[in-house]
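Bear in mind that the values in this text are calculations on the coordinates, not laboratory data. Model, not experiment: these values are computed from the prediction. Heads up, the Cβs are rebuilt from the backbone with ideal geometry, glycines too, and the neighbour counts pull from every protein chain shown.
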């Protein structure tokens, strides 16, 4: 059993220490936010398991875990639209990763530069979406067969 003092010491080590100790969720994943190193634009949010995180660190390329396919994948392995990791950061409690990348081509599987190509607007409690920065860089039907 962990005492409050032990828990506080552990929390302090995670938040203030230099030990790399990713905290994976119950499914064995951490959330990863990828941004463009040059512009700061958010390109995508995905998940990494332990293997994807290790491969990203060792290769300098974006590796992820697909929850829908239940499979590891390297960004660009099908499309050729790759991510070179320039910097990786962990959040305070080490359950989320931020990578700054040099994105070659589109980041989104829909063919767009970013996965965040729709703005949310609300009026009278109703939310709607509108396209912003939504130009396609490639046709997904031709790339993902």
* To do: Take residue 92 and decide whether it is in a loop (DSSP other than H, G, I, E, B) and more than 23 Å from residue 134 (Cα to Cα).
  => yes
* Residue among 120, 85 that alone is closer than 16 Å to residue 36 by Cα, in contact with a strand residue (DSSP E or B) (Cβ under 9 Å, 6 or more places away or on another chain) and in a strand (DSSP E or B) -> 85
* Is there a residue in the range 19-30 that is closer than 30 Å to residue 135 by Cβ, in contact (Cβ under 8 Å) with a residue 12 or more places away in the chain and touching a helix residue (DSSP H, G or I) at 6+ places or on another chain (Cβ under 9 Å)? -> no
* Residues of the range 93-145 satisfying the condition of being within 30 Å of residue 19 (Cβ to Cβ) and touching a helix residue (DSSP H, G or I) at 6+ places or on another chain (Cβ under 9 Å) -> 93, 94, 97, 99
